[in-house]
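Participant: First, the structure itself, so that you have it in front of you.
A short reminder: the numbers here are calculations on the coordinates, not readings from a lab. Remember, it's a predicted structure, so these values are computed and weren't measured experimentally. Please note: Cβ atoms are built from the backbone with ideal geometry, for glycine as well, and neighbour counts cover all protein chains shown.
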Amino acid sequence: MTDEKTLVSGIDIPSPASATDDGGVLGTIGRVGASRRQFIKGVISSGAAVSSAGYVFGGMAGCATEEAPMAGGVERLISLNVNGETRRVDVLPYETLAMTLRYKLGLTGTKLGCDRAECGACTVLLDGVSTYSCSTLTHTVRGRAIRTVEGLEGPNGELHPVQQAMIDELGPQCGFCTPGQVMAAVALLEANPSPTRDEARFALSGNLCRCGAYDHYLNSVMRAAQSA
Amino acid sequence: MSKDMMRAFELYQPDSVENAVELLGRFGADGWAMAGGNDTLDWFKDRVKYAGSVVDLSGVEGLSGIRETADGVEIGAMTTLTEIEASPLIQERYSVLADSARRVASPQIRNTGTIGGNVAQDTRCWYYRYGVDCYRAGGNSCYADTPQGQNREHCLWGADRCIAVTPSDTAPALVVLDARMAIVNADGEREVPAEEFFIGPEIDIERMTVLEPGDLLTAIRIPNDWAGAQFYFEKVADRNTWDFPLVNIASAMFVEGGAVSRIRMAAGAVECVPRRLSVVEEIVTGSAPDEETAALAGQAAVRGATPFNYNHFKIPLLENLVKRAIRDS
């Protein structure tokens, strides 16, 4: 309860409904230091919070209000370990990790392409293993180390060797699939620092590139493997 | 209607098999056991299927991992396909299973996708997936079995109103290995042979396996019978990644004194269930696994196949895969 900004990160998104004078329901609770149970009750009963989530999730606005989930399931306020930091966030039971990362935590480096586990743009690492965040419920990754493309940045802002290699080899064209390709390559090189080109091709086979820059990406991975 | 946003559901995260079964039993038809979630969330996002209470199995103790037992190997239902393809124990004794797991979907899907989810997944018939009111969805027609129906991916055998096929790559391997599926519900545990675990439309047109609401597949037990056999697995699909099989084949055989002493073979994506090729097994047993035997077996394997407008190609495809399995394993 010490860090208000962290606490409210789940719902602290600009929204006409939650932008009340007192800073919104969550801001109020954060200041008076209410218990977690009261906090969750506040979130559930608060129309402001619900409509805020609806704003963030666009088309989901209707769902959130028309069907109040029955009690007894997961608690919505959870801690996630994202890029080495603990982030407190309010997560719906049916929310995917890609949604949480992009629209609750502001980590928009993770892209949403197909939203069906068929393209790889949303690839993140869970405990070092590449995973489609569009097809993973956020509640199932509590306690796991989540790494996104933002987490690759070095202490002085330098690029990860894979990212640098992608620049040097002109890896991406349009760039939309690049964060996913980077994460798949990082997972590969951490498990196997000197892969063959075929191993790299296999490891990146779960990431589509509509520009067809596959060979450039492979060149980048092989360069990164040599430079590491 | 939104095609991306899931309808709201409540999520439960039991930590034991006992609790999971209790929850699934309580929710009945409104409950949904979720393993890796890859297929589950697609159904929900497409708004074709819905469950109000989803039971996430990822935190259930004891459902994951590969264990050596007195008479074989037990694989927890929540073991990922990546763990199976990388397991030295599976590679050494049952390489056909490791090979089949390696050909499923994409690396990321194998990293979260589980063996239990892979065998329990629903069919990929794209009319059914689209949400039309076909037989399998409780309606009274089949959209694939019509003069204009796009049935390139559909069955060669076992058509009974529905003509969809099993999409699993690991299922034929498990049938070949004579695996046993451990299923737990409120009444206790039962074991079902892999061959009987998968069911066709003549038994129940609305499900692909014997699993009923309240049932939980907890483990897959592979006996020693076929450990260390000469194995063969091949999958033919449009792309090497993601795509489901057009036909796949798994086989295990022992050769003694130049002749096949024992053999088991199964093919996927040609019937609603993995098709055990008993006729091939009978023809091949006692013969040398050579070109001549392979040719005979291939012809026998496709006898009685009944293709639809667009899936004739599966007949020579299956025939050739059978030949290769005998000749090249």
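Participant: Could you pull the Cα extents of segment B:10-59 along its three principal axes, largest to smallest, in whole Å?
Facilitator: Sorted from largest, the Cα extents of segment B:10-59 read 31, 20, 13 Å.
Participant: According to the Cα gyration tensor, what semi-axes, each the square root of 5 times an eigenvalue, does the equivalent ellipsoid of the protein assembly as shown have, listed from largest to smallest in whole Å?
Facilitator: 43, 28, 22
Participant: Taking just the C-alpha trace of segment A:75-152, give me its Rg and Dmax in Å.
Facilitator: According to the Cα coordinates of segment A:75-152, Rg and Dmax are 11.0, 31 Å.
Participant: Next question, about the same structure. How many lysine pairs does chain B hold where the Cα atoms are under 19 Å apart and the two sit 8 or more places apart or on different chains?
Facilitator: Working: B:Lys3/B:Lys45; B:Lys3/B:Lys49; B:Lys235/B:Lys314; B:Lys235/B:Lys323; B:Lys314/B:Lys323.
Eligible lysine pairs with Cα atoms under 19 Å apart amount to 5.
Participant: Let me ask something additional. Considering Cα pairs under 8 angstrom that are at least six residues apart, work out the relative contact order of segment B:10-59 and quote it in whole percent.
Facilitator: Answer for segment B:10-59 is 56 percent.
Participant: A further question on this structure: Whole-Å semi-axes of segment B:161-310's equivalent ellipsoid, largest first, each the root of 5 times a Cα gyration tensor eigenvalue?
Facilitator: 28, 21, 14
Participant: At what distance in angstrom do the alpha carbon centres of segment B:140-174 and segment B:177-196 lie from each other?
Facilitator: Rounded to whole Å, the Cα centres lie 25 Å apart.
Participant: Normalised by the residues of segment A:75-152, what does the relative contact order come to in percent, with Cα pairs under 8 Å and at least six apart?
Facilitator: Normalised by residue count, the contact order of segment A:75-152 is 37 percent.
Participant: Per-residue Cβ counts within 10 Å, from other chains only, averaged over A:119-127: what number is that? Intermediate values should be presented prior to the final figure.
Facilitator: Working: counts 2, 6, 0, 1, 4, 1, 1, 2, 0.
Partner-chain Cβ atoms within 10 Å, mean over residues of A:119-127: 2.
Participant: To continue, here is another question. If I stretch the segment between B:Glu196 and B:Asp133 completely, what's the gain in nm (0.36 nm per residue apart, minus their alpha carbon distance), one decimal? Walk me through the numbers before you get to the answer.
Facilitator: Details: separation 63, 0.36 × 63 = 22.68 nm, distance 2.73 nm.
Full-extension gain reported as 20.0 nm.
Participant: Further question on the same structure: On the principal axes of its Cα set, how long, how wide and how thick is segment A:158-227? Give whole Å, largest value first.
Facilitator: 27, 27, 16
Participant: Longest segment of chain B with no GluC sites (Glu not before Pro) in a DSSP loop having at most 14 other Cβ atoms within 10 Å?
Facilitator: Working: sites that count: B:Glu61, B:Glu202, B:Glu206.
Answer from the scan: B:62-201.
Participant: Label B:Phe254 and B:Thr146 with points 7 Å out from Cα along Cα→Cβ: what is the distance between them in nm?
Facilitator: 5.2
Participant: Using Cβ contacts closer than 10 Å as the measure, can you line up B:Asp39, B:Asp243 from fewest to most?
Facilitator: Details: B:Asp39 23, B:Asp243 17.
Ordered by Cβ neighbours within 10 Å, fewest first: B:Asp243, B:Asp39.
Participant: Three principal axis extents, largest first, for the C-alpha atoms of segment B:15-91, in Å?
Facilitator: 40, 27, 18
Participant: A further question on this structure: Looking at chain B, what % of its DSSP beta bridges pair antiparallel, to the nearest 5?
Facilitator: 85
Participant: Hydropathy first: keep DSSP H helices in chain B averaging at least -1.0 on Kyte-Doolittle, then drop any whose Cα extent along the axis falls short of 18 Å, and list what survives.
Facilitator: What comes out of the filter, once short or polar helices are dropped, is B:314-328.
Participant: Give the average, rounded to an integer, of partner chain Cβ atoms located within 10 angstrom of each Cβ in A:177-187.
Facilitator: On the way: counts 0, 0, 0, 1, 0, 0, 1, 3, 0, 0, 3.
The mean count of partner-chain Cβ atoms within 10 Å per residue comes to 1.
Participant: What is the Cα centroid distance between segment B:61-129 and segment B:252-329, reported in whole angstrom?
Facilitator: Computed from Cα coordinates, the inter-centre distance equals 24 Å.
Participant: Using the Kirkwood radius built from alpha carbon pairs, what does the Stokes-Einstein equation give as D for chain B at 4 °C and 1.567 mPa s, in µm² per second?
Facilitator: Stokes-Einstein gives a translational diffusion coefficient of 64 µm²/s.
Participant: Please report the base-10 log of the normalised intensity I(q)/I(0) for segment B:97-166, using a Debye sum with one equal scatterer per alpha carbon and no solvent, at each q in 0.15, 0.17 (1/Å).
Facilitator: -0.60, -0.72
Participant: Can you give the % of DSSP beta bridges in the protein assembly as shown that are antiparallel, to the nearest 5?
Facilitator: 85
Participant: Less than 19 Å apart at the alpha-carbon level, and either on another chain or at least 8 residues along: which aspartates and glutamates does that give for A:Lys104?
Facilitator: Output for A:Lys104: A:Asp3, A:Glu4, A:Asp12, A:Glu75, A:Glu85, A:Asp90, A:Glu95, A:Asp115, A:Glu150, B:Asp4.
Participant: Then there is this: What is the extension gain from A:Asn156 to A:Phe202, computed as 0.36 nm multiplied by their sequence separation minus the C-alpha to C-alpha distance, in nm to one decimal?
Facilitator: Using 0.36 nm per residue and subtracting the Cα-Cα distance, I get 13.3 nm.
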